[in-house]
Amino acid sequence: TRRQLLRATAAAAVLAPLVPAVTGCAPGEVVPETQFGARLPIPPLDEGTLDGGTRTFRLAPQAGTHEFVPGKPAQTMGYNGAYLGPTLRAARGERVRVAVENRLTEATTVHFHGMVLPAAADGGPHAMINPGASTNPEWTIDQPAATLWYHPHPHGSTEKQVGYGLAGLFILDEPGTNEAAALPHTYGVDDIPLIVQDRRLDADGKITFDPAGNSLGTLGNSIAANGTLGAVLSVTTQRVRLRILNASNGRWFKFGLADHRPFHMVASDGGLLAAPLELTSVQLSPAERAEIVVELKPGESVMLRSFAPDLGRVNPPDAFGGGKEFDVVRLDAAASLAPSAALPAAFAALPAPEGTTTAVSRSFTFNGRSINNKTMDMNRIDFTAAPGEAEVWFVDNVSAYQHNVHVHGVQFRLVDIDGKQPPPERAGWKDTIPLLPREQNRIAFRMPKYADSEHPYMYHCHLLTHEDEGMMGQFLVAEAGAAGPAGSGTPSPH
Ligand code: C2O
Ligand code: CU
């Protein structure tokens, strides 16, 4: 319609003038204008096959080509395809195995981000899979329903491999709960995976990187939703659930509807919130997820937009190039919509954060590309923790620009930010939190219950340029007396 055309033109106008500031593109570099109209692709749902009681998935990382710009194929990487990967799905209590066969010409790993699992199955930088080689990590799903994801983690080349397209969602279900039935849950119909990434495309529509171009590392000039620029989702139900992942290298998004209508956030990284939370925007740093439920009226069209993010003491807010506004995906409602169940007033209560007064306390200072003045050394274990032990971490950012922090193998709770209660959208289960400049965040969690004195877990900044450049450390979870320098975490000054 004319209205949609006008909107598409307006959307293109929003993107076009911003491009030089956002990208640090070389002068004369032309960036495609985004017209909204392409159908939003839905990654295939993969529920694996049952093999002797073990739900078995197959992932083959491989090279391919993908057109972000019609007629301009770009070299990419994907799992079982050219770009991104299938949405894996399993349920609490199930034994799962992921058979990975590396069809790339370089080594990779497959890390299960947000999964509570033994370190040997976690797929961190020690779990390298050479070209042509295979691995078969397996574990038992032992955590609530959530939207997790998987991606490569080879130390020093994570930015490039994720940037070329290696990423996919891993949905966990918790059967038998009332919540599952109350929320939209038909995959691809009213339960929509949405992997949002900024990509730095050149004039030929090819993916490029610019790790040194900005304090945040590579920032893109185009926004892809499930690998597509200017995508449109046709909605056929009154309510639609979007499982949003920020899979960007270094960009913050602040998602909301262009007309500022409220929506409900129902889950954060590691599972449901205590109750549906009415918001007009939700901000996600790289690797964070939010599940939101949007209500639509028949025949209407509304843009999911990323507003300029709130970056605390970053001054001016776009000082490092990450503060722009983008259109992400347009939601077009059908002329008649199937009714959806009303959202429940509350979900199950969340437990209070664990042992914040009695726990082992550690502090981590994020600065430049270092944590506690150290950069990643594959041969250094930063500390050893006891299985299942309650820990409290103080995580400070002393840089002038933003970082974030992700801890492997656990879901944690954000206790406070500069001593104040976290915003409700970050009060539930988290595995990644933003670290805005000169903010101190306190998190609490229980260490994984799996002891292993050989395989470490990682903690790191999830701005992938920063991670590749060394903003990462490693810890073992092992019984006292096991290998590793026990108790070597920096004692807390707090
Ligand atoms: Cu999403 Cu250590 O990674
Ligand atoms: Cu960082």
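The values are calculated or read from the model by the stated rules, or taken from the named source; none is laboratory data. What you see is a predicted model, and the numbers here were worked out from it, not measured in a lab. Heads up, the Cβs are rebuilt from the backbone with ideal geometry, glycines too, and the neighbour counts pull from every protein chain shown.
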Review point. Just wondering, is there one or more residues in region 266-276 that are away from ligand 2 (no atom under 16 Å from the Cβ), within 20 Å of Ile42 (Cα to Cα) and among the β-branched types (Val, Ile, Thr)?
Key: no
Point to revise | In region 304-320, the residues that are out of contact with any Gly (no Cβ under 6 Å at 6 or more places or on another chain) and surrounded by fewer than 21 Cβ atoms within 10 Å (Cβ to Cβ) | key: Asp310, Gly312, Arg313, Asn315, Pro316, Asp318, Ala319, Phe320
Exercise for review: Please specify each residue of region 240-273 satisfying the condition of being touching an Asp or Glu at 6+ places or on another chain (Cβ under 8 Å) and over 29 Å from Arg413 (Cα atoms).
Suggested key: Ala258
Practice item. Determine whether Leu166 is more than 16 Å from ligand 1 (Cβ to nearest atom), buried (at least 21 other Cβ atoms within 10 Å of the Cβ) and part of a loop (DSSP other than H, G, I, E, B). Key: no
Revision key, fill the gap. Val232 meets each of (1) without any contact (Cβ under 8 Å) to a residue 12 or more places away in the chain; (2) in a strand (DSSP E or B) with one exception, condition (1)
**Study point:** Selection status of Gly48, at pLDDT below 95 and in the same structural domain as Ala167 (by TED's automatic domain parsing)
**Key:** no
Revision key, fill the gap. Subset of region 210-230, residues hydrophobic (A, V, I, L, M, F, W, C) and surrounded by fewer than 18 Cβ atoms within 10 Å (Cβ to Cβ), comes to Ala212
**Study point:** Any chance Arg369 is within 16 Å of ligand 1 (Cβ to nearest atom) and in contact with a helix residue (DSSP H, G or I) (Cβ under 8 Å, 6 or more places away or on another chain)
**Key:** yes
Check your understanding: Any idea how many residues of region 43-73 are surrounded by 16 or more Cβ atoms within 10 Å (Cβ to Cβ) and aliphatic (A, V, I, L, M)?
Key -> 3
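For region 285-296, which residues satisfy the criterion of being aliphatic (A, V, I, L, M), touching a Ser or Thr at 6+ places or on another chain (Cβ under 9 Å) and part of a strand (DSSP E or B)?
Residues satisfying the conditions are Ala290, Val293.
Does Gln402 count as within 16 Å of ligand 2 (Cβ to nearest atom), surrounded by 19 or more Cβ atoms within 10 Å (Cβ to Cβ) and within 23 Å of the chain's Cα centre (by Cα)? I'd like the intermediate steps shown before the answer.
Values: within 16 Å of ligand 2 (Cβ to nearest atom): yes; surrounded by 19 or more Cβ atoms within 10 Å (Cβ to Cβ): yes; within 23 Å of the chain's Cα centre (by Cα): yes.
Answer is yes for this residue.
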**Study point:** Number of the condition not met by Arg380 [criteria: (1) in the same structural domain as Glu467 (by TED's automatic domain parsing); (2) surrounded by 14 or more Cβ atoms within 10 Å (Cβ to Cβ); (3) over 24 Å from the mean Cα position of the chain (by Cα)]
**Key:** (2)
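One line per residue, one yes/no per condition, for (1) within 23 Å of Arg289 (Cβ to Cβ); (2) crowded, with 18+ Cβ neighbours inside 10 Å:
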site	(1), (2)
His408	yes, yes
Pro424	yes, no
Trp429	yes, yes
Leu436	yes, yes
Ala444	yes, yes
Lys449	no, no
Leu463	yes, yes
Glu467	yes, yes
Glu479	no, no
